[in-house]
Amino acid sequence: MGRVSMAAVAARAGVSGQTVSRVVNESPRVDPATRERVERAMAELGYRPHRAARALRTGRSQTIGLVVTTLATVGNSRMLQATAEAAAERGYALTLVTAAAGEVGDAFERLADQGVDGAIVLNEASALLPAQRPSGLHLVAVDAPEESALVVVHSDHAGGAAAATAHLLGLGHTTVHHLAGPADSFAASERERGWRETLRAAGVGLPEVVRGDWSPESGHAAADALAAASAVFCANDQMALGLLRALADSGRRVPDDVAVVGFDDVPDAANYRPPLSTIRQDFPALAHRAVALLVGDIEGEAVARASVVPTTLVERSSAR
């Protein structure tokens with residue numbers, strides 16, 4: 001089947017080709033009723049604007065980049081999918097660039113060569129930006145400090161950690177141990193901050209932090225350091241999974257001997273043994289907000305410099 005033309009859309013909507021062009025290019029010179037009729041005709045016919053032609057008219061490629069240092073973590077993989085979907089809904093294509101710690105500058109050069117209009121910098125990559133921020137490229141950082149010079153969006157990591165810690169204290173535990181993420185991670189630092197502040201507010205002593213690297217293996221390896229714990233807040237679900245296996249291997253029952261709460265609510269969390277209580281990150285909302293901020297900035301709108309997406313405690317059998 002060939003590409004649907006503007007003329008076909010115009011005939012279906014009963015308008016001129018110029019009116020269709022104005023709708024495609026988001027001109028304000030179209031009344032709402034006519035715009036709705038044209039958009040309905042586009043949907044019925046499966047019309048898609050010709051990206052190259054539109055780029056010539058608007059000076060924009062309708063393409064944005066996504067910069068990551070790794071896709072090995074569940075959070076980054078889910079953000080990739082959610083960002084691709086959010087970009088498509090706004091008529092933008094997505095280009096993925098992965099970069100090691102010393103190659104972020106090269107990643108931006110590759111994006112510039114592809115003519116992207118802007119980029120979303122995800123998690124670990126955002127920490128590398130201040131000294132390497134490219135000029136002339138619209139940027140939104142996911143999980144970066146709000147005081148940075150960038151437009152920032154992040155989940156309420158500290159609030160989620162506070163909810164997890166308060167939940168465990170509410171179950172009667174005298175304190176809550178923390179299996180933290182990497183020290184150089186903004187998300188891990190914020191989750192650790194929420195844990196610390198909640199224990200301090202409750203007048204509870206702070207156990208020494210045990211640190212992992214987000215992987216299940218690091219969660220499993222942390223079990224010995226958490227031998228005295230009756231309650232553990234894990235900075236992500238993957239480390240919680242490794243910890244659950246180690247506890248089972250040692251004969252410690254969850255939640256009878258040790259209560260465990262994770263963070264992220266990965267798709268498999270409900271199928272852990274036992275099902276994992278966790279803090280849910282809304283990855284689709286996070287991606288949609290990041291894309292909305294970036295596209296708004298690209299298209300000349302005034303956008304918020306910082307945006308926080310709420311998190312939610314999901315109670316399951318690992319902490320009761």
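Given Arg29, Arg3, which one is modelled with pLDDT of 75 or more, charged (D, E, K, R) and not in a helix (DSSP H, G or I)?
From the options Arg29, Arg3, the qualifying one is Arg29.
Can you confirm whether segment 237-249 contains a residue that is over 22 Å from Arg320 (Cα atoms) and surrounded by 22 or more Cβ atoms within 10 Å (Cβ to Cβ)?
Checking segment 237-249: not a single residue is over 22 Å from Arg320 (Cα atoms) and surrounded by 22 or more Cβ atoms within 10 Å (Cβ to Cβ).
Filter the helices (runs of 4 or more DSSP H) completely within segment 176-263 down to those with at least 1 residues that are aromatic (Phe, Trp, Tyr), out of contact with any Lys or Arg (no Cβ under 8 Å at 6 or more places or on another chain) and not assigned by TED's automatic domain parsing to the domain that holds Thr73.
186-201
Quick test for you: out of Leu247, Leu226, pick the one residue that is in contact (Cβ under 8 Å) with a residue 40 or more places away in the chain and under 23 Å from Thr174 (Cα atoms).
Among Leu247, Leu226, only Leu226 is in contact (Cβ under 8 Å) with a residue 40 or more places away in the chain and under 23 Å from Thr174 (Cα atoms).
Looking only at residues that are buried (at least 24 other Cβ atoms within 10 Å of the Cβ) and aliphatic (A, V, I, L, M) in segment 163-179, which one is farthest from Arg211 (Cα to Cα)?
Leu168
Got at least one residue in segment 285-293 being part of a helix (DSSP H, G or I) and surrounded by fewer than 17 Cβ atoms within 10 Å (Cβ to Cβ)?
Yes, segment 285-293 has at least one match.
The values are calculated or read from the model by the stated rules, or taken from the named source; none is laboratory data. All of these numbers come straight from a predicted model, not from anything done at the bench. For neighbour counting, all protein chains shown are included, and Cβ atoms are generated from backbone atoms with ideal geometry for every residue, glycine included.
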